[in-house]
Amino acid sequence: MIENERPFWRGINHLALITNDMDATTRFWHGVLGARLVAHLGTDSFRHYFFAFGDEQTVAFFEYQGVAVERFQVPAGVPDRRKAQFDHLSFNLPDEHALVELRDRLKSHGCGVTDVIDHGFVRSLYFHDPNGIALEASWWVVDPTGRIADYNDPTLF
C-alpha cells in the first residue's frame, strides 16, 4: 500500500456475535429478518453461522457448547456499563417503505419494535433479537457516504 493511501473498503465482511441458542437465533435472523444462512462451520464444541445482508456482508453467530453467556437487553443508545464496546447494529434499507414493511413483519412475528423515528438525515426503527442484541434498521434520507462532509473537525486528522 502506498503511504497515506487509505484502504478501499467494500463494507463489513462480518460482525461476530455470541448466542446461547443457535436454533432460536436462526429462526429470528433467517425466518423473521429474512437473512439467508450462507455459511457455517464448527466442531463438537461450537457452531458458527453466517447470515447475509448484502453482497459479501454478513452477521455471524458463535454458539459455544457448555458456555452460557449472560443475556441482557437495553435499548440502543441507552448508556449501560455492560455495553462497554457495543451499543447496537444497524442494517441499511433502500427506502421508508421498506422500513414500514420490516416494522409490520417484526410485529407479525411478535417482536417488539418502535415506529419509524426521523433523525433528519436518516430514519430508523429499533428492535431486539432473541439474544437481547439491540438492532436498528435505517434508511438514508440524505446519504452522507456519497458526498463530501459538510463539517470539518481538525482534531480528527
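The values are calculated or read from the model by the stated rules, or taken from the named source; none is laboratory data. Since the model is a prediction, treat every value here as computed from it, not as a measurement. Note: ideal-geometry Cβ built from the backbone for every residue, glycine included; neighbour counts use all protein chains shown. Each accessible area value is taken on the protein alone, full model and side chains, heavy atoms only, with ligands, DNA and RNA left out. Shrake-Rupley method; radii C 1.70, N 1.55, O 1.52, S 1.80 Å.
Residues in segment 12-51 that are open to solvent by 50 Å² or more (accessible area, probe 1.4 Å) and in contact with a helix residue (DSSP H, G or I) (Cβ under 6 Å, 6 or more places away or on another chain): Leu37, Arg47. Thr114 satisfies every condition listed in (1) modelled with pLDDT of 95 or more; (2) loosely packed, with under 12 Cβ neighbours inside 10 Å except (2).
Restricting segment 118-157 to residues that are of a type in the set (A, V, I, L, M, F, W, C) and more than 17 Å from the chain's Cα centre (by Cα) leaves a set whose member that is modelled with the highest pLDDT is Val141. Scanning segment 1-54 for residues that are in contact (Cβ under 8 Å) with a residue 12 or more places away in the chain and among the β-branched types (Val, Ile, Thr) gives Ile12, Ile18, Thr19, Thr25, Thr26, Val32, Val38. Condition (residue is modelled with pLDDT under 90, basic (Lys, Arg) and open to solvent by less than 40 Å² (accessible area, probe 1.4 Å)) applied to segment 71-86: is it met by at least one residue? There is at least one residue in segment 71-86 that is modelled with pLDDT under 90, basic (Lys, Arg) and open to solvent by less than 40 Å² (accessible area, probe 1.4 Å).
For Asn20, the requirement of being modelled with pLDDT of 90 or more, assigned to a loop (DSSP other than H, G, I, E, B) and either touching a Cys at 6+ places or on another chain (Cβ under 9 Å) or not aromatic (Phe, Trp, Tyr) (or both) is met. Of all the numbered requirements in (1) surrounded by 15 or more Cβ atoms within 10 Å (Cβ to Cβ); (2) free of Cβ contacts under 8 Å to residues at least 60 places away in the same chain; (3) not hydroxyl-bearing (Ser, Thr, Tyr), Ala134 misses one, and that requirement is (2).
Scanning segment 13-61 for residues that are in contact with an Asp or Glu (Cβ under 9 Å, 6 or more places away or on another chain) and of a type in the set (Phe, Trp, Tyr) returns Phe28, Trp29, Phe46, Tyr49. Note on segment 87-110: among residues that are surrounded by 12 or more Cβ atoms within 10 Å (Cβ to Cβ) and in a loop (DSSP other than H, G, I, E, B), the one that is modelled with the lowest pLDDT is Asp87.
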